[in-house]
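What follows is a short report on a single structure.
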Amino acid sequence: MNEHMADIPAREPGQSGLYVVLYDGQCEICQACVSWLTALDGNRKTSSVPISAEAISNLDARLSLEACLQQLHVLTPGRELHVGWDAVACLALLFPPTWLVGALGGVFPFRTLGRLLYGFVAANRYSLSKCRGGACRVAKPETARKRAQLGPFWSCYALGFLIRLPLVAWASAAGAFSRVSVFLRTYGKKVELLNGKLTVLFLHGALPNAVPLLFGELFTAVLYDGVAIDPGSPKMRRSLARHLLRVKSRISKIVATHAHEEHVGNLNWISERTGAPIYVSQMTADFLMPFKTLPWARALIIGQPPNLEAPFSILADSLRTSSGELQVIAAPGHCDDHIVLYDTKEKVLLAGDAFMGAYFSTPNPDVDSQSGLIACSA
């Protein structure tokens, strides 16, 4: 056993059966390397733990904060400790794409070269890191900047970005492929479930198609036991009309779960076409009379809905369907007027929009995730 490997005292490890990787959470380069480790570790063999005094004390008495900040430390399931380059080689052996690096990195002369290279990076990492290995917890970043030239100070960001860049490119390409694949597989499709009681109609339109291709959000209308729910926007009307020609069951009611344009734009039109009455909540009715002018991008791509026209009915606590009943439940969070419909017999919940996608870092102003959590817990 060499100086970089030792038996761990008989204490319960932090993550049983996993390789525990201790890394500096304040270092951009370290974070980027952990991103690669996460991408490689599809079978969940490792657990990455940001360095802190508390985390170290819970793992093993031989670890020290200063030593862990200087070099990578890995605790194996067999209670062995690997440090620096030996830790890198140990992790590389776990994954087929990097196995050769780990195998060569453990033998002369590659092991010696790896230790020299890793030692150089470790010795200079504090100069490269924007936070000096965690120093920003006790010092202002501006203070750290004054101790180094501008180039080294910002090179941490550049190196971290370059290390992540292949992962970013791959994730972008994989995400785009997935979105296009799902869009093509659902384009114009009608899916029937519960022996035809529930039908999902996938809607599309020339400009609305940009949304599922770019962001992955699919547009649908739902038919449930004679009730048409959220019949899409004006620019999806032709798609909806083609679906209705193939629908055999009679539509007896029309409901909107909330007042967003892709859910209410065809309320008046489908009511005139089928003769079915419209049901909305009081708050949704207030939003639709008159309907506010949308931002130009939403109006161009999805379509500006018309104002809601009378006659229409306000939703009560329940809604009769062709063969049963749906509970009407207020579910603010996605927007203030959002409601969901619940069939207690079938245990089916019909939610117009369940969440706001991660792409929308600045979502609609009426999104309130805390209200959504309260509604779910209730």
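The values are calculated or read from the model by the stated rules, or taken from the named source; none is laboratory data. Treat the numbers as computed from the prediction; the structure is a model and nothing was measured. A quick note on method: Cβ atoms are made from the backbone with ideal geometry, for glycine too, and the neighbour counts reach across all protein chains shown.
Quick check on this structure: which one of Ala256, Ala241 is modelled with pLDDT of 95 or more, surrounded by 22 or more Cβ atoms within 10 Å (Cβ to Cβ) and in the same structural domain as Gln327 (by TED's automatic domain parsing)?
Working: Ala241 fails: surrounded by 22 or more Cβ atoms within 10 Å (Cβ to Cβ).
When all the criteria are applied, what remains is Ala256.
I need the strands (runs of 3 or more DSSP E) fully contained in the range 246-323, keeping only those with at least 1 residues that are among the hydroxyl-bearing types (Ser, Thr, Tyr), in contact with an Asp or Glu (Cβ under 8 Å, 6 or more places away or on another chain) and farther than 18 Å from Leu201 by Cα.
Working: elements: 253-255, 278-280, 318-320.
Because the criterion is at least 1 residues that are among the hydroxyl-bearing types (Ser, Thr, Tyr), in contact with an Asp or Glu (Cβ under 8 Å, 6 or more places away or on another chain) and farther than 18 Å from Leu201 by Cα, the strands (runs of 3 or more DSSP E) in the range 246-323 that meet it are 318-320.
Is one or more of the residues making up the range 329-348 farther than 30 Å from Gly175 by Cβ, small (Gly, Ala, Ser) and modelled with pLDDT of 95 or more?
Within the range 329-348, none of the residues are farther than 30 Å from Gly175 by Cβ, small (Gly, Ala, Ser) and modelled with pLDDT of 95 or more.
Considering only residues that are farther than 19 Å from Leu18 by Cβ, within 29 Å of the chain's Cα centre (by Cα) and hydrophobic (A, V, I, L, M, F, W, C), which ones fall in the range 28-69? Show your work before the answer.
Keep residues of the range 28-69 that are farther than 19 Å from Leu18 by Cβ, which gives 28-29, 31-32, 53, 61, 64-67, 69.
In the following step, the residues that additionally are within 29 Å of the chain's Cα centre (by Cα) were identified as 28-29, 31-32.
Of everything in the range 28-69, those that are farther than 19 Å from Leu18 by Cβ, within 29 Å of the chain's Cα centre (by Cα) and hydrophobic (A, V, I, L, M, F, W, C) turn out to be Ile29, Ala32.
Tell me which residues, restricted to the range 52-62, are touching a strand residue (DSSP E or B) at 6+ places or on another chain (Cβ under 8 Å), over 18 Å from Val34 (Cα atoms) and either among the small types (Gly, Ala, Ser) or surrounded by fewer than 17 Cβ atoms within 10 Å (Cβ to Cβ) (or both).
Across the range 52-62, the qualifying residue is only Arg62.
What's the number of the only condition in (1) under 14 Å from Val255 (Cα atoms); (2) at pLDDT 95 or above that Gly352 fails to meet?
So Gly352 meets the others, but not (2).
Answer yes or no: is there a residue in the range 218-238 that is modelled with pLDDT under 95 and touching a strand residue (DSSP E or B) at 6+ places or on another chain (Cβ under 9 Å).
yes
Yes/no matrix, rows are residues, columns are (1) over 30 Å from Asn195 (Cα atoms); (2) touching a residue at least 24 places away in the same chain (Cβ under 8 Å); (3) in contact with a Pro (Cβ under 7 Å, 6 or more places away or on another chain):
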{"site": "Lys253", "(1), (2), (3)": "no, yes, yes"}
{"site": "Thr257", "(1), (2), (3)": "no, yes, no"}
{"site": "Ile278", "(1), (2), (3)": "no, yes, no"}
{"site": "Phe287", "(1), (2), (3)": "yes, yes, no"}
{"site": "Leu300", "(1), (2), (3)": "yes, yes, no"}
{"site": "Pro305", "(1), (2), (3)": "yes, yes, yes"}
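Conditions tested, residue by residue: (1) surrounded by fewer than 21 Cβ atoms within 10 Å (Cβ to Cβ); (2) aliphatic (A, V, I, L, M); (3) farther than 30 Å from Val180 by Cα.
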residue	(1), (2), (3)
Glu217	yes, no, no
Ala221	no, yes, no
Gly232	no, no, no
Arg237	yes, no, no
Val264	no, yes, no
Thr293	yes, no, yes
Pro305	no, no, no
Ser313	yes, no, yes
Glu325	yes, no, yes
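I'm trying to understand the selection: among the residues of the range 115-137, which are farther than 13 Å from Gln70 by Cα and either polar (S, T, N, Q) or at pLDDT 90 or above (or both)?
Scanning the range 115-137 gives Arg115, Leu116.
Given the residues Leu65, Leu69, which is the only one that is surrounded by 21 or more Cβ atoms within 10 Å (Cβ to Cβ), within 22 Å of Ala123 (Cβ to Cβ) and either in the same structural domain as Trp99 (by TED's automatic domain parsing) or in contact (Cβ under 8 Å) with a residue 40 or more places away in the chain (or both)?
Going through Leu65, Leu69 in turn, the sole match is Leu69.
Return the residues of the range 90-114 that are crowded, with 18+ Cβ neighbours inside 10 Å and over 19 Å from Asn43 (Cβ atoms); say none if nothing qualifies.
Once the filter is applied, which keeps residues that are crowded, with 18+ Cβ neighbours inside 10 Å and over 19 Å from Asn43 (Cβ atoms), the range 90-114 yields Gly105, Gly114.
Tell me which residues, restricted to the range 72-89, are among the small types (Gly, Ala, Ser) and surrounded by fewer than 18 Cβ atoms within 10 Å (Cβ to Cβ).
Scanning the range 72-89 gives a single hit, Gly78.
So Pro77 passes all but one of these: (1) part of a loop (DSSP other than H, G, I, E, B); (2) at pLDDT below 90; (3) farther than 18 Å from Tyr118 by Cβ; (4) more than 27 Å from the chain's Cα centre (by Cα). Which condition number does it fail?
Single failed check for Pro77: (2).
When you look at Ala221, is it of a type in the set (Gly, Ala, Ser) and either within 18 Å of the chain's Cα centre (by Cα) or part of a helix (DSSP H, G or I) (or both), yes or no?
no
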